[in-house]
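Beneath this line is the structure, given in structure tokens, with notes to follow.
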Amino acid sequence: MITTIEEYEDQFLAPYALKHSESGGRFYNETKDPYRTEFQRDRDRIIHSKAFRRLSYKTQVFINTKGDNYRTRLTHSLEVSQLSRSIANVLRLNKDLSEAIALAHDIGHSPFGHAGQEILNYLMKDYGGFEHNNQILRIVTLLEERYPNFLGLNLTKATLKALMKHNQIYSDDIHLLELYQEKKDQFPCLESILVDCCDRIAYIHHDIEDGFDAGYIEYDQIFVLDYWDNLRKILEKEWKQNFIQARKPHKIRMILRYSINLFIKDFIEHSKKNLEKLQLSSIQDVYRLKENPLNNSKEFLRISNQTYEFLKQNLYNHPEVLKMSYKGKKILEFLFHLFTKHSYLMPVHISQRVHHNNLYRTVCDYISGMTDRYAIRLYEQFK
Ligand code: MG
């Protein structure tokens, strides 16, 4: 007899999915929620966290203050979550877990995008470095303050493991060592792989749109790549004047929409074939995998790489974007030196952490948690 929502949900999941019954529990025991699965609770805790809310003021490619239509890390995360949940549903993976991982996947990012990460990692080179995936683990196990009896969000161990990318944690995070030892020899759960793939699909598409809207990519430019030119022709043929006479931004969005659907279809079909071949019968089989069964076909991976290279040349390395990155780095460098020298200038609840934490890690946690605009504001105040 089915008694709980979790048991009901687990019946639907494929054998290779991470079932609710495999969540591994939490570091601090809590009574079950009668209305939500454990992974739904993880998702909800992430949505209610401060780090998640700050994503709305963090750069994806453009500094947050530049324009109201561009993606921020928050809207990007919502797009990744939507794609992940849809695909998880078709492949009968755990939707709740996929959603939780997707919503958390960028919360460790510093301000000013990858430029921010680069400079913080450089400044922290003698103190364990900075890496946004490692930072997620610190946020959800230490830095969020919401509960009376523990720090962090007390997520399930399965979610924490799914968030441990590239098999690494900071040497400072000894509280995660045991979980890390367990994880490091295991292949990641497929829900985590799915989110990585959806991340890529989401950003190569939306960066074309944002780059075009910002005026950094011209309408015709993308059609030097055969794939995109073919899509344009297909839409012309199918929609004739409706497409041909549409405004250029509208045309771009029609093409991107069409392409995302192709990518998703290809991903699902290709992954299904691989999964059928492997005949995985449990999550333990997944943990023993040597090769990743979830992915786009070779053809679509080629298109994805080609498009990424196009974006690198025309958008990520656009002089205006590089200028923003340079400024962002200068700001973070200034703040890092300021607060490591004068830790009392940080908010009291943060400077107090220095008593039981490494000074440099504390400053790095503070700075990396900032939004673009907060970092700019502090810089203006102290420079
Ligand atoms: Mg992302």
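Whenever a residue of the stretch 33-47 is under 16 Å from Ile5 (Cα atoms) and in contact (Cβ under 8 Å) with a residue 12 or more places away in the chain, its partners that are among the aliphatic types (A, V, I, L, M) and assigned to a loop (DSSP other than H, G, I, E, B), lying with C-beta atoms within less than 7 angstrom and at least six residues away or across chains, give the pairs Asp42/Leu155. Which number in (1) surrounded by fewer than 18 Cβ atoms within 10 Å (Cβ to Cβ); (2) away from the ligand (no atom under 16 Å from the Cβ); (3) on the phi > 0 side of the Ramachandran plot marks the one condition that Leu177 misses? Leu177 satisfies all of (1) surrounded by fewer than 18 Cβ atoms within 10 Å (Cβ to Cβ); (2) away from the ligand (no atom under 16 Å from the Cβ); (3) on the phi > 0 side of the Ramachandran plot except (3). Picking from residues in the stretch 133-168 that are of a type in the set (S, T, N, Q) and in a helix (DSSP H, G or I), the one that is surrounded by the fewest Cβ atoms within 10 Å (Cβ to Cβ) is Asn167. Within the stretch 253-301, can you find the residues that are among the small types (Gly, Ala, Ser), closer than 23 Å to Asp226 by Cα and not in a helix (DSSP H, G or I)? Once the filter is applied, which keeps residues that are among the small types (Gly, Ala, Ser), closer than 23 Å to Asp226 by Cα and not in a helix (DSSP H, G or I), the stretch 253-301 yields only Ser297.
Of the residues making up the stretch 255-294, those that are without any contact (Cβ under 8 Å) to a residue 60 or more places away in the chain and open to solvent by less than 40 Å² (accessible area, probe 1.4 Å) number 5. Among residues of the stretch 189-222 being outside any helix (DSSP H, G or I) and surrounded by 21 or more Cβ atoms within 10 Å (Cβ to Cβ), the one that is nearest to the ligand (Cβ to nearest atom) is Cys189. Restricting attention to the stretch 76-113 and to residues that are open to solvent by 50 Å² or more (accessible area, probe 1.4 Å) and under 13 Å from the mean Cα position of the chain (by Cα), the residue that is farthest from the ligand (Cβ to nearest atom) turns out to be Gln82. Restricting attention to the stretch 57-70, the residues being out of contact with any Gly (no Cβ under 6 Å at 6 or more places or on another chain), within 16 Å of the ligand (Cβ to nearest atom) and either free of Cβ contacts under 8 Å to residues at least 40 places away in the same chain or open to solvent by less than 20 Å² (accessible area, probe 1.4 Å) (or both) number 2. Among the residues here, Arg353 qualifies as over 24 Å from Thr59 (Cα atoms) and buried (at least 19 other Cβ atoms within 10 Å of the Cβ). Please determine whether any residue of the stretch 234-251 is at pLDDT 95 or above and within 17 Å of Thr307 (Cα to Cα). Within the stretch 234-251 (the criterion being at pLDDT 95 or above and within 17 Å of Thr307 (Cα to Cα)), the answer is no, since none of the residues qualifies.
Given the residues Arg73, Arg53, Arg36, which is the only one that is farther than 30 Å from Arg377 by Cβ and either within 15 Å of the ligand (Cβ to nearest atom) or of a type in the set (D, E, K, R) (or both)?
Numbers: Arg73 fails: farther than 30 Å from Arg377 by Cβ; Arg53 fails: farther than 30 Å from Arg377 by Cβ.
Sole residue among the options that is farther than 30 Å from Arg377 by Cβ and either within 15 Å of the ligand (Cβ to nearest atom) or of a type in the set (D, E, K, R) (or both): Arg36.
Pairs only if they're at least six apart or on different chains, beta carbon under 7 angstrom, first in the stretch 159-185 and free of Cβ contacts under 8 Å to residues at least 40 places away in the same chain and hydroxyl-bearing (Ser, Thr, Tyr), second assigned to a loop (DSSP other than H, G, I, E, B) and open to solvent by 10 Å² or more (accessible area, probe 1.4 Å); list them, first residue then second. Listed by first residue and then by second, the contacts come to Tyr180/Ile169.
The values are calculated or read from the model by the stated rules, or taken from the named source; none is laboratory data. Everything numeric here is computed off the predicted structure, so don't read it as measured data. All Cβ positions, glycine included, derive from the backbone under ideal geometry; neighbour counts span all protein chains shown. Areas reflect the complete protein model, heavy atoms only, side chains present, ligands, DNA and RNA absent. Shrake-Rupley method; radii C 1.70, N 1.55, O 1.52, S 1.80 Å.
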